[in-house]
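**Q** I'd like to ask you about the structure that follows.
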Amino acid sequence: MKVIEMPAASDAVKAKLICAGILISGCSGSQSALSPAGAGAEQIASLFWWMAGGATIIWVIMIALSIYTLHLNPDAHHRQKSALFIIGGGAIAPTIILTILLIYGLNLLPALLARPPAGTLQIEVQGYQWWWRVRYPNQSGEPIELANEIRLPRGEPVEFILSSKDVVHSFWIPSLGGKVDMIPGRTTHLTLHPTKTGRFRGACAEYCGASHAYMNFTVDVVEKAEYDEWLAQQSADRLAPRNEAAERGEELFLQTGCGACHTIRGTEADGTIGPDLTHIGSRNSLGADMFVNNRENLQNWIAHVSALKPGVKMPEFRALSDDEYQSLSKYLEQLK
Amino acid sequence: MEQEQHHSEKYHERHERIWFMFLPPFVWALHLLACYLTAAIWCAKYSGSANSFTTVRIAIGIYTLLAIAVIGYSGWSGFRRHRHLAADLSHNDDTPLDRYRFLGMATFLLAALSTVATLFVATVALFFGNCD
């Protein structure tokens, strides 16, 4: 039996396939502007597809013209007709197309940037190198402070009040809407309107230093009742340690100075330099969406934070023993 | 022969003002800068609680009229130079007159591009009613 050998794909073909795979992977997923789950993102995706469709049509026409002039009819063309064709197709038509696209794009912006009606849920987000401080309004007093994670009710507009405490950051949840810069000394606003439940990913979209790529966050869009229940749980003080190791962990947390930078409501720890850790055990991830939130990663984070996130301000606590690391991580893990 | 010598002297490059060709894109850049600075300063300093954008719109309208007037004049001058002493479009000969006409055509095309670009910049002001 004769075996037909298929030629091996060249390196160029493999490279093209890999590039195509990477590009296509951007069309869906929790961080894709082309997989919208919010009113703003739907408009932006619509703009993208109109522009992509228009560009494809122009490309096809240009290729067809090239084939016509180079292969189908390579003889000399009528000078005046050619000149008119060049002016029409090369200058007038692009101007008209660009004008239409510009007006279509600009027409979307006022609605995307408009302030929401009074009474809309307002969430304050402050950008830091390289994490996010998130404050939810609290009817009964001080705002509820969380970090690196946002939860939103589906079907309601939400206004983010954005600022930065160090350098310029940019707040972007591609699946929900556009992005807005966070500028030191200024307050900016972004209104989003989530239309689908699910978990999405947000990111800092403005280079902000060594660990810029590690400045992300998760966004959970849930139904209103679930959101209210979650917020009530997050507004409570920390859960008291449930076992001996966790009790030891809390003691260590307070004795080794963690409380100078971090707050754990219900304890003496009231630092505001770093993220609030009152309910860190309930979060999806650690280090601004760097790692899955589990005991092992918590322990690694405390022991090797500078290696994991270059330039971070948190010092490594290398003087602690393995037992002490474990106690601390067990304590933080049970802060649900 | 005598006429050619006359043209060679009259349209020689030493009489050229090449900067005139760059006037339209320069005005376009100036218009963009003026619009940007006006909007940025107004919104940062004077917009008030209502974030009114009307004053900026009026200013951008005036900048645009002035810019289009200068660009239009440059374009018209360029077009006239291109048509000077010739009815056809070609200016392919290696003569001072054709180089003179070519520079006129380049000025005219740059003016057309600058007009479109200036209007694109001004269009933004039509769609924004406040500093948000």
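The values are calculated or read from the model by the stated rules, or taken from the named source; none is laboratory data. Just so we're clear, the structure is a prediction, and the values are computed from it rather than from any experiment. Note that we place each Cβ from the backbone using ideal geometry, even for glycine, and neighbour counts take in every protein chain shown. Just the protein is used for accessible areas: all its heavy atoms, side chains included, with ligands, DNA and RNA removed. Shrake-Rupley method; radii C 1.70, N 1.55, O 1.52, S 1.80 Å.
**Q** Chains A and B: what accessible area do they bury, summed, in square angstrom to the nearest 100, with a 1.4 Å probe?
**A** Working: alone 19150 and 8830 Å², together 27030 Å².
About 900 Å² of accessible surface is lost on pairing.
**Q** Taking all protein chains together and a probe of 1.4 Å, list A:19, A:204, A:261 from the most accessible to the least accessible. Don't skip to the end; give the middle numbers.
**A** Values: A:19 75, A:204 10, A:261 45 Å².
Reading off the accessible areas and sorting them downward yields A:19, A:261, A:204.
**Q** Project the alpha carbons of region B:23-83 onto their principal axes and report the range along each, largest first, in whole Å.
**A** The Cα atoms of region B:23-83 stretch 55, 16, 8 Å along the principal axes, largest first.
**Q** How would B:42, A:50 rank on accessible area, largest to smallest, probe 1.4 Å?
**A** So, going from the largest accessible area down, we get A:50, B:42.
**Q** Place a +1 charge on the Cβ of each Lys and Arg in region A:244-333 and a -1 charge on the Cβ of each Asp and Glu, then give the dipole magnitude about the Cα centre in debye, rounded to the nearest 20.
**A** That gives a dipole near 360 debye.
**Q** Next question, about the same structure. How large is the charge dipole for region A:199-283, taken about the Cα centre, if only the Cβ atoms of Lys, Arg (+1) and Asp, Glu (-1) carry charge, to the nearest 20 debye?
**A** Value, rounded to 20: 280 debye.
**Q** In debye, nearest 20: dipole of the protein assembly as shown around its Cα centre with unit charges on the Cβ of K, R (+) and D, E (-)?
**A** Values: 38 positive and 43 negative charges, 265 e Å.
Here the size comes out at about 1280 debye.
**Q** For residue A:165 and residue A:225, compute 0.36 nm times the residue count separating them, minus their Cα-Cα distance, and round to one decimal in nm.
**A** Extra length from residue A:165 to residue A:225 when fully extended: 18.3 nm.
**Q** Related question: Mind checking which lysines have their Cα closer than 19 Å to the Cα of residue A:313? Skip sequence neighbours fewer than 8 apart in that chain.
**A** A:165
**Q** Here is a follow-up. If I model a spin label as a point 7 Å beyond the Cα along the Cα-Cβ vector, how far apart are those points for residue B:123 and residue A:62 in nm?
**A** It is 1.9 nm.
**Q** To continue, here is another question. Can you show me the helix-derived [θ] at 222 nm for chain A, built from DSSP H runs with n ≥ 4 at -39,500 (n - 2.57) apiece and divided by the number of residues, rounded to the nearest 500.
**A** About -12000 deg cm²/dmol.
**Q** Mind listing P(r) for region A:212-292? All alpha-carbon pairs, 5 Å bins, whole percents.
**A** 3, 12, 19, 22, 21, 14, 7, 2, 0
**Q** Within region B:21-127, what whole-number % of the accessible surface is contributed by carbon and sulfur, with the 1.4 Å probe and all protein chains included in the calculation?
**A** The nonpolar share, carbon plus sulfur, comes to 73 percent.
**Q** Give me the accessible area of residue A:330, 1.4 Å probe, in Å² rounded to the nearest 10.
**A** Accessible surface of residue A:330 is approximately 60 Å².
**Q** Could I ask something else about it? Excluding residues on the same chain fewer than 8 positions from residue B:45, give the aspartates and glutamates whose Cα lies under 17 Å from its Cα.
**A** B:132
**Q** Can I ask one more? Could you work out the percent of alpha carbon pairs in region A:78-217 separated by over 24 Å, rounded to a whole number? Before the final figure, lay out each step's value.
**A** On the way: 4330 of 9730 pairs.
In whole percent, the long-distance tail amounts to 45.
**Q** Over the protein assembly as shown, what lengths in whole Å, largest first, do the semi-axes of the equivalent ellipsoid take, defined as the square roots of 5 times the eigenvalues of the alpha-carbon gyration tensor? Walk me through the numbers before you get to the answer.
**A** Working: eigenvalues 716, 177, 94 Å².
Computed over the protein assembly as shown, the values are 60, 30, 22 Å.
**Q** Over region A:244-333, with the other protein chains present, what is the accessible area per residue in square angstrom, probe 1.4 angstrom?
**A** Here the residues of region A:244-333 average 47 Å² of exposed surface.
**Q** Once a ≥ b ≥ c are taken as the square roots of the eigenvalues of the Cα gyration tensor of region A:131-199, is the result rounded (a/c under 1.5), prolate (a/b larger than b/c) or oblate (a/b not larger than b/c)? Show your work: numbers first, answer last.
**A** Details: a/c = 1.82, a/b = 1.16, b/c = 1.58.
Here region A:131-199 falls in the oblate category.
**Q** Could you work out how much longer the chain between residue A:319 and residue A:196 gets when fully extended? Use 0.36 nm per residue separation minus the Cα distance between them, nm to one decimal.
**A** Fully extending the segment from residue A:319 to residue A:196 adds 39.6 nm.
**Q** Residues of region B:109-132 that become at least 40 Å² less accessible with every protein chain present than in their own chain isolated, using 1.4 Å: which are they?
**A** Residues meeting the cut-off: B:120, B:127, B:128, B:132.
**Q** Moving to a separate point now. Express the carbon and sulfur contribution to the solvent-accessible surface of region A:221-263 as a percent, rounded to the nearest whole number, probe 1.4 angstrom.
**A** It is 50 percent, rounded to a whole number.
**Q** Excluding residues fewer than 8 places away in the same chain, name every one of the lysines whose C-alpha is closer than 28 Å to that of residue A:14.
**A** Qualifying lysines at Cα under 28 Å: A:2.
**Q** A further question follows. Which one, A:13, A:78, A:245, projects farthest toward the positive side of the charge dipole computed for chain A from Cβ point charges (K/R +1, D/E -1)?
**A** Farthest along the dipole direction, towards plus: A:78.
**Q** Nearest 5 percent is fine: what portion of the DSSP beta bridges confined to the protein assembly as shown is antiparallel? Display every interim value, and only then the final one.
**A** Working: 31 of 44 bridges.
The antiparallel proportion sits near 70 percent.
**Q** Find how much the distance from residue A:142 to residue A:19 grows on full extension, using 0.36 nm per residue of separation minus their present alpha carbon separation; answer in nm with one decimal.
**A** Length difference between fully extended and current span is 39.3 nm.
**Q** Which log10 I(q)/I(0) values, to two decimals, does region B:21-127 give at q = 0.12, 0.13, 0.16, 0.18 Å⁻¹ under the Debye formula with one point per Cα?
**A** For region B:21-127 at q = 0.12, 0.13, 0.16, 0.18 Å⁻¹, log10 I(q)/I(0) is -0.50, -0.55, -0.71, -0.81.
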